[in-house]
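**Student:** Below you will find the structure I want to go over with you.
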Amino acid sequence: QVQLVESGGGLVQAGGSLTLSCAASGTIFSPNVMGWYRQAPGKQRELVAGITSGGSTNYADSVKGRFTISRDNAKKMLYLQMNSLEPEDTAVYYCNINFWGRTYWGQGTQVTVSS
């Protein structure tokens, strides 16, 4: 069983930065894709950024140039560096991994950006 635990959320002023971390445990097979998703109140969950086990990345247009996704496969860690945060980035951020047709989610961490 794979477990994902996010950390690093909090309250930050617009223009500030936060780094989210996601610690994975359990048996993880490659190739796989890990990602950060977010869900704001009243909105659907959306992909923020994804990264393959080989290091290829993709980003939502709304965060390109501001957010950077990275991973440490040896440590089973996923990161999201968020810069120039905007109030519109306020949401619960979820870590996700997909491999062999299976998807696992973390419990989420709240990010609140004040204007």
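The values are calculated or read from the model by the stated rules, or taken from the named source; none is laboratory data. Predicted, not measured: the structure shown is a model, and the values here were computed from it. Using ideal geometry, Cβ is built from the backbone for each residue, glycine included, and neighbour counts are taken over all protein chains shown. For accessibility, only protein heavy atoms count, side chains too; no ligands or nucleic acids. Shrake-Rupley method; radii C 1.70, N 1.55, O 1.52, S 1.80 Å.
**Student:** Let me spell it out: the conditions are (1) at pLDDT 95 or above; (2) farther than 26 Å from Gly15 by Cα; (3) open to solvent by 60 Å² or more (accessible area, probe 1.4 Å), and Gly101 meets all of them except one. Which number is the exception?
**Tutor:** Failed condition: (1).
**Student:** Moving to a separate point now. Hey, can you tell me all the residues within segment 47-85 that are closer than 19 Å to Gly10 by Cβ and assigned to a loop (DSSP other than H, G, I, E, B)?
**Tutor:** Val63, Arg66, Asn83, Ser84, Leu85
**Student:** Here's something else I'd like to know. Sort through Gln1, Gln44 and tell me the only one that's within 18 Å of Thr103 (Cβ to Cβ), at pLDDT 95 or above and assigned to a loop (DSSP other than H, G, I, E, B). Show your work before the answer.
**Tutor:** Working: Gln1 fails: at pLDDT 95 or above.
Testing whether each residue is within 18 Å of Thr103 (Cβ to Cβ), at pLDDT 95 or above and assigned to a loop (DSSP other than H, G, I, E, B) leaves just Gln44.
**Student:** Another question, if that's okay. Among the residues of segment 39-52, how many are touching a residue at least 40 places away in the same chain (Cβ under 8 Å) and either open to solvent by less than 60 Å² (accessible area, probe 1.4 Å) or closer than 16 Å to Leu20 by Cα (or both)?
**Tutor:** Adding up the residues that qualify gives 3.
**Student:** Looking at (1) open to solvent by 60 Å² or more (accessible area, probe 1.4 Å); (2) in contact with a Gly (Cβ under 6 Å, 6 or more places away or on another chain), find the lone condition where Leu85 falls short.
**Tutor:** Condition (1) is where Leu85 drops out.
**Student:** Also, I was wondering about something else. Answer with yes or no whether Ala23 is free of Cβ contacts under 8 Å to residues at least 60 places away in the same chain and in a loop (DSSP other than H, G, I, E, B).
**Tutor:** no
**Student:** Any idea which of Ser30, Ser70, Ser17 is among the small types (Gly, Ala, Ser), within 16 Å of Asn96 (Cα to Cα), at pLDDT 95 or above and surrounded by fewer than 16 Cβ atoms within 10 Å (Cβ to Cβ)? Can you show your working first?
**Tutor:** Values: Ser30 fails: at pLDDT 95 or above; Ser17 fails: within 16 Å of Asn96 (Cα to Cα).
Ser70 is the lone residue from the list that is among the small types (Gly, Ala, Ser), within 16 Å of Asn96 (Cα to Cα), at pLDDT 95 or above and surrounded by fewer than 16 Cβ atoms within 10 Å (Cβ to Cβ).
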